[in-house]
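This report refers to the structure that appears directly beneath it.
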Amino acid sequence: MNELQERIIKDGVVKEGNILKVDSFLNHQIDVDLYHWMACEWKKRFADVEVTRIVTIEASGIGIACIAGEQFHVPVVFAKKSHSVNLDGDMYTAEVESFTHKNINHVIVSKKFIEPGDKVLIIDDFLANGCALQGLISIVNQAGAEVVGIGIAVEKGFQTGGQIIRNLGYRLESLAIVDAMDAKSGAITFRE
Ligand code: 5GP
């Protein structure tokens, strides 16, 4: 087991509704040393890939993406969730259905911050059904940039997102893939 998997076993809490709570170390209180390990791991796994920009989505992707940005030495851009869609054309926009809040957000990125030809590494904390990732991929495509890789902390392998994203041909590196989890016993099984 790697460091993230060990920490999930130690401090993760399985909730009803296929939710894994990791808020004591990943997305509320933050273990920065663990973020550092994650960033170094992505740097290793994407060592052969040229990256010019990291893109994530607010809020819980931002911290992870920043520490990754330190390893890749590239700017980090986060998509903002917006209730109103800016119509004056200086934003890329996508619709994202939130897995945790069950609502639809418009996410926006200023056209100033992704350039045509950028080689983008997308980073996020969780992959469930893949809606957040598909929104970010759409924004990168609108910009005429290229998604060269996707780094996820926790992929819930029993939900559809991972398979959809891999089938689309993207290189997806998830640091912990949960294949099964049980709210009653708290048991968590990782993919080898
Ligand atoms: P997706 O768009 O892939 O369905 O869901 C991804 C987003 O939902 C992530 O950015 C994350 O914020 C949230 N999410 C999905 N599943 C979980 C979960 O089990 N635990 C937590 N804490 N967040 C989740």
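No value in this document is a laboratory result; all are computed from the given coordinates. The model shown is predicted, which means the values in this text are computed figures rather than measured ones. Cβ: placed from backbone, ideal geometry, glycine included. Neighbour counts: every protein chain shown.
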The pairs in Lys80/Lys156; Lys21/Lys102; Lys43/Lys112; Lys80/Lys111; Lys21/Lys44; Lys43/Lys81 lying past 20 Å Cα-Cα in this model are Lys80/Lys156; Lys43/Lys112; Lys21/Lys44; Lys43/Lys81
Between Glu3 and Val32, what length in nm is gained on full extension when 0.36 nm per residue of separation is reduced by their alpha carbon distance? 9.2 nm
Counting only other residues whose beta carbon sits under 15 Å from that of Glu97, what net charge do I get with K and R as +1, D and E as -1? 0
Indicate the gyration tensor shape class of the stretch 1-78 (rounded, prolate or oblate), computed on the Cα atoms with a ≥ b ≥ c the square roots of the eigenvalues: a/c under 1.5 is rounded; otherwise a/b larger than b/c is prolate and the rest oblate. prolate
Taking R0 as 30 Å, what FRET efficiency do you get between Leu168 and Ser84 from their Cβ-Cβ distance, rounded to the nearest 0.05? 0.50
Percentage relative contact order, the stretch 3-190, counting C-alpha pairs under 8 Å, at least six apart: 20 percent
Taking 0.36 nm per residue of separation and subtracting the Cα-Cα distance, what length does fully extending Lys111 through Lys10 add? 32.2 nm
Can you show me the helix-derived [θ] at 222 nm for the chain, built from DSSP H runs with n ≥ 4 at -39,500 (n - 2.57) apiece and divided by the number of residues, rounded to the nearest 500. -8500 deg cm²/dmol
Shape verdict for the stretch 97-192, please, from the Cα gyration tensor: rounded (a/c under 1.5), prolate (a/b greater than b/c) or oblate. prolate
Label points 7 Å out from Cα along the Cβ direction at Ser185 and Ile62: separation in nm? 4.0 nm
The chain, Gaussian network, Cα under 10 Å: of Ile19, Ile114, Ile177, the residue fluctuating most is Ile19
Restricting attention to the alpha-carbon atoms of the stretch 3-190, what are Rg (one decimal) and Dmax (integer), both in Å? 16.0, 52
